[in-house]
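Since every read-out is calculated from the coordinates, none of them should be taken as a lab result. Model, not experiment: these values are computed from the prediction. Using ideal geometry, Cβ is built from the backbone for each residue, glycine included, and neighbour counts are taken over all protein chains shown.
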Amino acid sequence: MMKKFVFGNPLETEAMTDSRATPGSPAEEAGSVPYLSVSGGSEGESCVLTYDMGERDIIYGLGENVRGINKRGWIYESNCTDDPLHTETRRELYAAHNFFIVDGRERFGVFVDAPQKVTFDFGYENRDGMKITVSPGGFVLYILEGENVREMVKEFRRAIGRSYIPPRWAFGYGQSRWGYLSADDIRQVVREHREKGVPLDSVYMDIDYMERYKDFTVNEETFPDFPRFVREMKEEKIHLVPIIDAGVKIEEGYPVYEEGMKEGYFCKKEDGTEFVGGVWPGRVHFPDMLNEKAREWFGQKYSFLLDQGIDGFWNDMNEPALFYGEDNLDEVFRKLEDYGNQELDIKSFFGMKNLVLGIANRKEDYETFYHQYRGERVRHDRVHNLYGYNMTRAAGEAFEKLKPGERILMFSRASYIGMHRYGGVWTGDNCSWWSHVLMNLQMLPGLNMCGFLYTGADLGGFGANVTEDLLLRWLELGIFTPLMRNHSARTTRRQEFYQFGHTEDFRNVIGLRYGLLPYIYSEFMKAAVTGDMMFLPLAFLYPEDRSAAEVEDQLMVGEAMMIAPVYRQNARGRYVYLPEEMKLYRMRSLDSMDQEILPAGHHYVRAELNEVLVFVRPDQVVPMSQGGCCVEEVDMSRLNLLHFVKTEAVCELYHDDGVSRKIDFEKGITRITVKADGTIKTEGMLDPECCLV
Ligand code: MIG
């Protein structure tokens, strides 16, 4: 059951596709909001929603954010921000995912559909207090009730519409780095993988492929005859995935700039002139992604690359990130001159220092430009969290027209609920820190709750220098995430597997992903089609189990499997909690794994650096392939079945051509039944030869 409450004059975000929720009550009736006490919220004032949490209440959700699976004990801000240091003290990352569920003394879900800044204090100011602060401006509040958390998530997901489904090849391993400068650099990456037998499906192209960082251009010196290069890579079974940035370079003669100016598609200031910001291309304008016409225009631009054979993209810098706003920069220079002309004491020294440090992503700059939104002029800060969403929507809607039958890979950095229908997300600039392996895991259920299924982190870490063991351990988690991409920043240590000594280990671990692909793809598709989660906190499957509710470093992956990655430096094993008896597969490679049945309870489980732990639940089967050098080569006609059968296990394997937009879910299912005596029966789309392992 979902109830809707309208506060003031909200802007339609189109987060919801289904308005089956009961019609909104006006703000004056806010007293009728269940669970939450409402105060403030009149014109120009923040609205505050509070709740007294029970001592054992758990809070799930909020998508991409720092800290645990249980979000209690910190304060989070929905205010899409480009900040590359994801320390525990961060309140805001790139996304605004305003949905959460309280599970405890009472059970209810909350979605704050507000495109402006929202703060979620879950026991920060006061250990038992929840306080949600919505910045001035109207908003819509949805309150959900249900029998259990998993069903509530499904109901929410039904209301926000089906999650984006990428092509199947996008479940393969991708290699990326900010710093591949030419076609030859990319050829070398591919060669190293192929020669050393490490599977690979995609190579990502960061901003250096463009001509002076101009969107929808290709540098012809470093990438000569681009369509031919794309074809050459396709022959190698490699998909190239270029980046697209939000800012459009100001440059006479550059068609994207000139068209945008002519049509008035860029964000403007109060005085009607275009807002100027600084990002990679230098001085830029920002396309007004909230203006339907501008969005359609920007989306069409992707055809420049689609026409050259490209079938995947990542959208970056779309919070939108601002290195500086030009007007403020002028102001900073003026003030610096003043500082230079006066005698600097410590106070003015820090004043000067902060002046310079505060140039980027400045709140006041976001208050100086406007959007044309549904016929209304709206100041940016009022709709800040919708910008990345609508950039990705621009692309997604264009793809439906430009490539009607085909799935195109698309994921974004900034996002809002609603964007999950048009693309996935990667979790931005993490670091090569052990703590970020755990953070990667802890974000997954929250992202799934908010509709983001196609997700992954920069494996190995974006910033800072990786070590071989960290990369390997991180990949051991990454083999389960739909987006499996190794990405790193310019100036950090090179991070491709072949920079390190133990090629064999990388080949084996990445190989496991291709073995697990039939299962990973099936579980992803089930989650997308039925509005379920692919990554579940243990408590979602074992709601009565008190200990399961406390587990912060293990996840269920679909119904059949639990994972427990090692994320500590030098650890050769870890503690694992089993809510019930399970069968552990300790995997070194597709042909080297041992197995052991473990009783319910706490265990210390050994896992050497090259070993992955997979726990199969009772009466469950996990279908695996023999691997392959790319997704296309994965043979679905011969499957190995991980299994833990006490009476009978049925697994629903989903398969399709991997590219068609139209999904016939029932048709794609193959039911594999395994009896306790070892007999196997298959029925449905495929007729694989199955072997118990
Ligand atoms: O300011 O394009 O998160 O993945 O490599 C940095 C360069 C801009 C940020 C993205 C990162 C990408 C980088 N970009």
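Distance between the modelled labels on residue 464 and residue 604, one decimal in nanometres: 2.7 nm (7 Å Cα→Cβ projection).
One quarter of the convex hull surface, Cα atoms only: what value does that give for segment 446-531 in nm²? Result: a mean projected hull area of 6.0 nm². Straight Cα distances below 30 angstrom link residue 269 to the lysines 117, 214, 249, 293, 301, 335, 353, 363, with same-chain residues fewer than 8 positions distant left out.
Based on DSSP H segments of at least four residues, each scored -39500 (n - 2.57), the chain has a per-residue ellipticity at 222 nm of -7500 deg cm²/dmol. Normalising the Debye intensity of segment 586-668 to I(0), with uniform scatterers on Cα atoms only, and taking log10 at q = 0.15, 0.21, 0.23 Å⁻¹ returns -0.75, -1.16, -1.24. With the charge dipole of the chain set up from +1 on Lys and Arg Cβ and -1 on Asp and Glu Cβ about the Cα centre, the Cα lying farthest toward the positive end among the listed residues 621, 416, 575 is that of 621.
Based on Cβ point charges of +1 for Lys and Arg and -1 for Asp and Glu, what charge dipole magnitude is obtained for segment 391-475 about its Cα centre, in debye rounded to the nearest 20? Working shown, then result.
Numbers: 7 positive and 7 negative charges, 71 e Å.
For segment 391-475, the charge dipole is close to 340 debye.
Using the alpha-carbon positions of the chain, Rg (one decimal) and Dmax (whole number) come out as 25.1, 88 Å.
Counting only residues at least eight positions apart within a chain, or on another chain, the aspartates and glutamates with an alpha carbon under 18 Å from that of residue 667 are 523, 652, 656, 657, 683, 687.
Order 333-345, 213-225, 590-602 from most to least packed using the mean count of other Cβ atoms within 10 Å. Kindly include the intermediate steps, with their values, before the conclusion.
Numbers: 333-345: 10.3, 213-225: 17.2, 590-602: 12.8.
Listed from highest to lowest mean packing, they are 213-225, 590-602, 333-345.
Separation of segment 407-432 from segment 214-255 is 20 Å, based on Cα centroids. As a length-normalised measure over Cα pairs under 8 Å and 6 or more apart, the relative contact order of segment 1-131 settles at 23 percent.
Note on segment 177-330: semi-axes of the ellipsoid equivalent to its C-alpha gyration tensor, largest first and rounded to whole Å, are 33, 16, 13. With no solvent and one equal point scatterer placed on each C-alpha of segment 93-230, evaluate the Debye formula and give log10 I(q)/I(0) for q = 0.19 Å⁻¹, two decimals. Listed by q, the Debye log ratios stand at -1.08. Under 29 Å of direct C-alpha separation, and excluding same-chain neighbours fewer than eight residues apart, residue 583 reaches these lysines: 154, 526, 646, 675, 681.
Rounded to the nearest 20, the Cβ-based charge dipole of the chain about its Cα centre (Lys and Arg +1, Asp and Glu -1) stands at 920 debye. Considering only 668, 254, 205, the residue lying farthest towards the positive end of the dipole of the chain is 668, judged by Cα position with unit charges set on Cβ.
Using alpha carbons only, what's the Rg to Rh ratio of segment 360-513 with Rh from Kirkwood? Mind showing how you got there, number by number?
Numbers: Rg = 18.4 Å, Rh = 17.5 Å.
Ratio value, two decimals: 1.05.
Could you tell me what a quarter of the Cα convex hull surface of segment 273-398 works out to, in nm² with one decimal place? Before the final figure, lay out each step's value.
Working: hull surface 37.5 nm².
With every direction weighted equally, the projected area is 9.4 nm².
Set the Förster distance to 60 Å, then compute FRET efficiency between residue 52 and residue 221 from the Cβ-Cβ distance, nearest 0.05. Working from the Cβ atoms, E equals 0.40. Just need log10 I(q)/I(0) for segment 79-138 at q = 0.16, 0.26 Å⁻¹, Debye formula, equal scatterers on the alpha-carbon atoms, no solvent, rounded to two decimals. Each listed q corresponds, in turn, to -0.62, -1.25.
Need one number for segment 140-181: average projected area of the convex hull over its C-alpha atoms, nm².
Details: hull surface 24.8 nm².
For segment 140-181, averaging the hull's shadow over all directions gives 6.2 nm².
From the residues 81, 152, 183, which one has its Cα farthest along the dipole of the chain in the positive direction, the dipole being from +1 and -1 charges on Cβ of Lys/Arg and Asp/Glu about the Cα centre? Toward the positive end, the furthest listed residue is 152. Where both bridge residues fall in the chain, DSSP classifies roughly 75% of the beta bridges as antiparallel. Rounded, prolate or oblate: pick one for segment 223-296, where a ≥ b ≥ c are the square roots of the eigenvalues of its C-alpha gyration tensor, a/c under 1.5 means rounded, and failing that, prolate if a/b is larger than b/c, else oblate. Verdict is prolate for segment 223-296. Distance from the alpha carbon centroid of segment 104-142 to that of segment 257-316 works out to 33 angstrom.
Here the dipole of segment 190-277 is about 380 debye; that uses its Cα centre as origin and unit charges on the Cβ of Lys and Arg (positive) and Asp and Glu (negative).
For the peptides 686-692, 535-541, the ranking by packing is 535-541, 686-692, with the highest mean count of neighbouring Cβ atoms within 10 Å listed first.
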